[in-house]
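*Asks:* Take this structure, written in structure tokens, and hold onto it; I'll ask about it next.
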Amino acid sequence: MRRFRFRMPEFDAPGLWVLSLGIWFHIVSRLVRHNPSMAVTLAQVIGLSMALWGGYRIVNRWIAQAQEAERRQEEGGHHED
């Protein structure tokens with residue numbers, strides 16, 4: 001008897017962006033017709049969350065680069081002694 005293991009596929013970043021933008025445009029287009037102020041609020045919330053998430057990723061990248069530079073500098077300093 002074979003065991004079947006279900007695994008979620010690994011998504012690529014551009015595919016996720018296209019999917020999320022498509023869903024966002026669908027939701028906003030439905031709201032604009034019925035409740036424009038709610039559509040604007042939703043767009044502001046989504047824009048803010050995307051900016052925070054993107055900023056968090058940028059800061060994490062800077063921290064990783066700084067830690068890598070410090071590690072290389074420490075390794076270089078130990079070899080000179």
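The values are calculated or read from the model by the stated rules, or taken from the named source; none is laboratory data. Quantities reported herein were computed from a predicted structural model and do not represent experimental measurements. Backbone-built Cβ (ideal geometry, glycine too); neighbour counts: all protein chains shown. Accessible surface areas use protein heavy atoms only, side chains included; no ligands, DNA or RNA. Shrake-Rupley method; radii C 1.70, N 1.55, O 1.52, S 1.80 Å.
*Asks:* Report the FRET efficiency, 1/(1 + (r/R0)^6), for L52 and D12, where r is their Cβ-Cβ distance and R0 is 25 Å, rounded to 0.05.
*Replies:* Between L52 and D12 the formula returns 0.65.
*Asks:* For every helix of n ≥ 4 consecutive DSSP H residues, a contribution of -39,500 (n - 2.57) applies; sum these over the chain, divide by its total residues, and give [θ] at 222 nm rounded to the nearest 500 deg cm²/dmol.
*Replies:* Helix-only estimate at 222 nm: -30000 deg cm²/dmol.
*Asks:* Angle, helix 36-80 long axis vs. longest principal axis of the chain, Cα atoms, 0 to 90°, nearest 10?
*Replies:* Long axis of 36-80 versus the principal axis of the chain: about 10 degrees.
*Asks:* In bins 10 Å wide, starting from 0, what share of all Cα pairs of the chain does each bin hold, as a percent?
*Replies:* 14, 23, 21, 18, 15, 7, 2, 0
*Asks:* Here's a follow-up. Could you work out how far helix 13-34 tilts from the main Cα principal axis of the chain, as a 0 to 90 degree angle to the nearest 10?
*Replies:* Once rounded, the angle reads 30 degrees.
*Asks:* Run the 1.4 Å probe and let me know the accessible area of V45, rounded to the nearest 10 Å².
*Replies:* V45 exposes around 90 Å² with every protein chain in place.
*Asks:* With a 1.4 Å probe and all protein chains left in place, how much accessible area per residue does the chain have, in Å²?
*Replies:* 98
*Asks:* Something else about it: At 1.4 Å probe size, with the rest of the protein present, what percent of the exposed accessible area of segment 1-69 is carbon and sulfur atoms?
*Replies:* Carbon plus sulfur share of accessible area: 67 percent.
*Asks:* Here is a further query. Once you charge only the Cβ atoms, +1 for Lys and Arg and -1 for Asp and Glu, what is the size of the charge dipole of the chain about its Cα centre, to the nearest 20 debye?
*Replies:* 980
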